[in-house]
């Protein structure tokens, strides 16, 4: 019999305007990569990690007043995950408590790598819970590589089918494209660390621009939330800024030229949000201003470009740029629009079985007595 989980008293002390759900093993890597001080210093940010409970001990574990871990019965003692439906059913006992924990939030972000049964089964449930609260729901979802097999691809398609309708904005990171980004600059044993760092930067590009403003010209949290409200699929790219002459210019040029999508480009975007981490050492003002200037020059004045900086509290962190684009008009690589296919006018083929000849002949006889084709 399922036991209804109570809302932790620590969490009830305040309402977090921004909440992050990290599903599956990504929670361990991303949370450890950002350290506990990152989450602890952001009082308006709630972190909820959803992890499989292989030992059968499910429940909610509070690590601080705004950081919680939810252990879901999603596998057996050997670590083999259950099927998608069983994992989704295991989440039923947490629906009410999770909805109450994020009630009143402005933005909820769901971060998951789809493919395995646990993340693919839990993610649709979390998206539905967030949508029911009325918050702006953003999905940062990594799709499996084709080399992982048909089963993982099927799980991800199933999860997307039930997750997409509940999202305001969907940021997809196909692993086949991400692998190509790091080809030539990373070894296989460090590829996982690079992917985790890249996903955390795409996530921080939304979080930190809302809770850690850089200076007076930065956008307000309501403006950032409005950018993702009802946005649909978001085009995204990310690039680290090197401490070399024209480093920020090279980074934003790379982002606009090579987004994480095979067909879409920023030239067709109606709105573009550029999130700039200034790093521990900061950026020269003239170099920072070149980012917005280059975007307006490349995309044109018809594109609404918003550039927002935020500070970095991590020791030795280098600056990086994350670009988000919405309302994309899909274009070919050569820049031409896709042609619109026009269907020929419907008419009866000259040779049909007797039943269809009679049907079409009767329909035409209403307009004309000429049945010479039949």
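The values are calculated or read from the model by the stated rules, or taken from the named source; none is laboratory data. None of these values were measured; they are calculated from a predicted model. As a convention, Cβ positions derive from the backbone with ideal geometry for all residues, glycine included, and neighbour counts pool all protein chains shown.
Answer yes if at least one residue in the stretch 247-260 is surrounded by 17 or more Cβ atoms within 10 Å (Cβ to Cβ), under 26 Å from residue 166 (Cβ atoms), in contact with a strand residue (DSSP E or B) (Cβ under 8 Å, 6 or more places away or on another chain) and modelled with pLDDT of 90 or more, and no otherwise. Checked against the condition, which is being surrounded by 17 or more Cβ atoms within 10 Å (Cβ to Cβ), under 26 Å from residue 166 (Cβ atoms), in contact with a strand residue (DSSP E or B) (Cβ under 8 Å, 6 or more places away or on another chain) and modelled with pLDDT of 90 or more, the stretch 247-260 yields at least one hit.
What is the residue count in the stretch 293-309 for residues that are crowded, with 17+ Cβ neighbours inside 10 Å and not in a loop (DSSP other than H, G, I, E, B)?
Residues of the stretch 293-309 that are crowded, with 17+ Cβ neighbours inside 10 Å, as a first pass: 294-295, 299, 303, 305-309.
Retained after the next criterion (residues that are not in a loop (DSSP other than H, G, I, E, B)): 294-295, 299, 305-309.
Selection size over the stretch 293-309: 8.
Taking the stretch 86-192 and the helices (runs of 4 or more DSSP H) fully enclosed by it, the elements with 2 or more residues that are farther than 22 Å from residue 238 by Cα are at 95-101, 117-133, 150-163. Here is a check on your reading of the model: is residue 272 farther than 25 Å from residue 113 by Cβ, at pLDDT 90 or above and surrounded by 21 or more Cβ atoms within 10 Å (Cβ to Cβ)? Against the criterion (farther than 25 Å from residue 113 by Cβ, at pLDDT 90 or above and surrounded by 21 or more Cβ atoms within 10 Å (Cβ to Cβ)), residue 272 qualifies.
Residue pairs whose Cβ atoms lie under 6 Å apart, separated by 6 or more positions or on different chains, with the first residue in the stretch 255-268 and over 18 Å from residue 176 (Cα atoms) and the second modelled with pLDDT under 90 and in a loop (DSSP other than H, G, I, E, B), are 268/328; 268/329.
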